[in-house]
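Remarks on the structure that follows.
The values are calculated or read from the model by the stated rules, or taken from the named source; none is laboratory data. Given the structure is predicted, the values throughout are model-derived calculations rather than measurements. A quick note on method: Cβ atoms are made from the backbone with ideal geometry, for glycine too, and the neighbour counts reach across all protein chains shown.
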Amino acid sequence: MSGLVETPDERTTSTPFYREMEQDENVAKGCIKVTEIIVYDPAGTRKDEEGIERPVEKARRPYYCQDREDLRFFESKNPNSRIETFTIQLLKSTAVKYLNDPENAGQFRRNE
């Protein structure tokens with residue numbers, strides 16, 4: 001019986017970036033509301049069929065965070081990139097996996 005109680009706690013409390021937060025009432029049971037961040041970095045320009053120079057962007061992989069402070073920090077670290085954000089719901093296990101991915105968590109790490 002104690003193994004059933006300890007396993008979920010270990011999985012959710014020993015994580016570096018995921019934080020247990022109260023969810024809105026419109027979040028599905030077993031899900032976590034997160035912000036998905038898509039970043040587009042400038043990659044030069046190209047001429048379109050009319051000869052007009054157009055910017056070319058290269059998308060990075062998506063990043064995930066849980067609160068606005070993390071999003072503001074991320075935006076301040078990427079001032080020359082175009083950033084799109086989406087509020088999505090993920091299963092808790094998937095959210096924890098995405099949030100705690102070392103590359104994802106590193107984007108929000110503050111040097112204190």
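Numbers for the structure displayed
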{"item": "Subset of segment 78-97 (residues that are in contact with an Asp or Glu (Cβ under 9 Å, 6 or more places away or on another chain) and either among the aromatic types (Phe, Trp, Tyr) or assigned to a loop (DSSP other than H, G, I, E, B) (or both))", "result": "Asn78, Asn80, Ser81, Phe86"}
{"item": "Top-ranked residue of segment 37-52 - restricted to ones that are surrounded by 10 or more Cβ atoms within 10 Å (Cβ to Cβ) and of a type in the set (D, E, K, R), ranked as farthest from Ser76 (Cα to Cα)", "result": "Arg46"}
{"item": "Some residue of segment 63-83 being touching a residue at least 40 places away in the same chain (Cβ under 8 Å) and over 15 Å from Gln107 (Cβ atoms)", "result": "yes"}
{"item": "Of residues in segment 98-112 being among the polar types (S, T, N, Q) and part of a helix (DSSP H, G or I), the one nearest to Thr35 (Cα to Cα)", "result": "Asn104"}
{"item": "Residue check, Glu57 over 12 Å from the mean Cα position of the chain (by Cα), modelled with pLDDT under 95 and not hydroxyl-bearing (Ser, Thr, Tyr)", "result": "no"}
{"item": "Filtered residues of segment 60-77 (kept if assigned to a helix (DSSP H, G or I) and under 16 Å from Met21 (Cβ atoms))", "result": "Arg68, Glu69, Asp70, Leu71"}
